[in-house]
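Written below as structure tokens is the structure these notes are about.
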Amino acid sequence: MIGMPACKDVAQLVASDELTRQSWYKRLGVAMHLLMCRHCRAYAQQIRAIGRSARDLYANSGAEARVDELLEILKRK
Amino acid sequence: MRHSYPLVSIAAHSDAEFLANIRPREPNTLEEIVRKYLPQVVRAARAAGLAPHEADDAAQSTFITFLEKAETFEGRSHVRTWLFGILFRKVMEMRRGIGRDRETDEIDDIVESRFNANGSWIRPPQAADAELYARQVREGIDDCLETAPPKQRMAFVLREVEGMTTAEVCKILEVTDTNFGVLLYRVRNRLRECLEAKGVRR
């Protein structure tokens, strides 16, 4: 179809987070492509799942931060 | 593609008057900055690949540097942007040698090889059911993150773990938005390919 992006273009836009900065026309083409292409749908879902997993994995990594200790150090400087 | 996480608002800490209070080292303000941002800085340092004690050291030294430079602060940037810029430079020093950030990256060719001349998939992603995929990701993501060069990994962390906007990440990493897109494209594909390779070996 004229105006529809190829899978390679869709993958590039999805992985680079550049999709939101495209024209409405381009975004429409991508949305239509995703409706029709299960491979690109799977790819986009995988990219999202990877981001979610990283977020979950590190969500509590800052909880043990030693705030009072650092404040003491900074006050002495 | 909409982000499903809340992009953290930084409006509260960019008021020029608020920032001016840092220079005379007004204690309440400094405490507020440390309480609010130390956990985020530690989290990002861990996500960037530093071990717990390394992350604590890097975070501490980030705030010490921040305080030392506060006198020269001109209020053009936001406190959080500044803090993470300092952290980024420290992470780059500490993670030097874990893969090099270069102009070209072999991941580009690997991804390219999945498409034919018309841009259609010839080796499409291995589709697993969502729950199975999530489990595979959880099990493999730590190892796969280790293969990412530090700047790519930082781009990924600031976007996905810290939820920062493109504008803020670009200031922190000192890259254009196009470069940031390239970094994200490379690190995400690297992770996806690595995870798929692990899945296949089951």
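The values are calculated or read from the model by the stated rules, or taken from the named source; none is laboratory data. Just so it is clear, the model here is predicted, and its values are computed rather than measured. Here Cβ is always computed from backbone atoms with ideal geometry, including for glycine, and neighbour counts include all displayed protein chains.
Brief remarks on what is shown
- Of all the listed residues (B:72, B:81), the sole one being in contact with an Asp or Glu (Cβ under 6 Å, 6 or more places away or on another chain) and closer than 23 Å to residue A:70 by Cα is B:81.
- Taken as a whole, the condition of being in a helix (DSSP H, G or I), more than 7 Å from chain B (Cβ to nearest Cβ) and surrounded by 14 or more Cβ atoms within 10 Å (Cβ to Cβ) does not apply to residue A:51.
- Residue in the stretch A:28-40 that is free of Cβ contacts under 8 Å to residues at least 24 places away in the same chain and either surrounded by 16 or more Cβ atoms within 10 Å (Cβ to Cβ) or among the aromatic types (Phe, Trp, Tyr) (or both) present: no
- Residue match in the stretch A:4-25 (condition: touching a Gly at 6+ places or on another chain (Cβ under 8 Å), part of a loop (DSSP other than H, G, I, E, B) and more than 7 Å from chain B (Cβ to nearest Cβ)): yes
- Some residue of the stretch A:54-62 being touching a Ser or Thr at 6+ places or on another chain (Cβ under 9 Å), crowded, with 16+ Cβ neighbours inside 10 Å and within 7 Å of chain B (Cβ to nearest Cβ): no
- Identity of the residue in the stretch A:1-27, of a type in the set (Gly, Ala, Ser) and surrounded by fewer than 20 Cβ atoms within 10 Å (Cβ to Cβ), that ends up modelled with the highest pLDDT: A:6
- Check on residue A:30, more than 8 Å from chain B (Cβ to nearest Cβ) and either part of a helix (DSSP H, G or I) or at pLDDT below 95 (or both): yes
- For the stretch B:171-191, the set of residues classified as over 22 Å from residue B:77 (Cα atoms) and either more than 10 Å from every other protein chain (Cβ to nearest Cβ) or basic (Lys, Arg) (or both) consists of B:186, B:188, B:190, listed by residue number.
- Criterion: at the interface with another protein chain (Cβ under 10 Å from one of its Cβ atoms) and surrounded by 14 or more Cβ atoms within 10 Å (Cβ to Cβ) - qualifying residue of B:114, B:123, B:95: B:114
- Some residue of the stretch B:28-44 being modelled with pLDDT of 95 or more and among the charged types (D, E, K, R): yes
- Odd one out for residue A:61 among (1) assigned to a helix (DSSP H, G or I); (2) over 17 Å from the mean Cα position of the chain (by Cα); (3) closer than 30 Å to residue B:40 by Cβ: (1)
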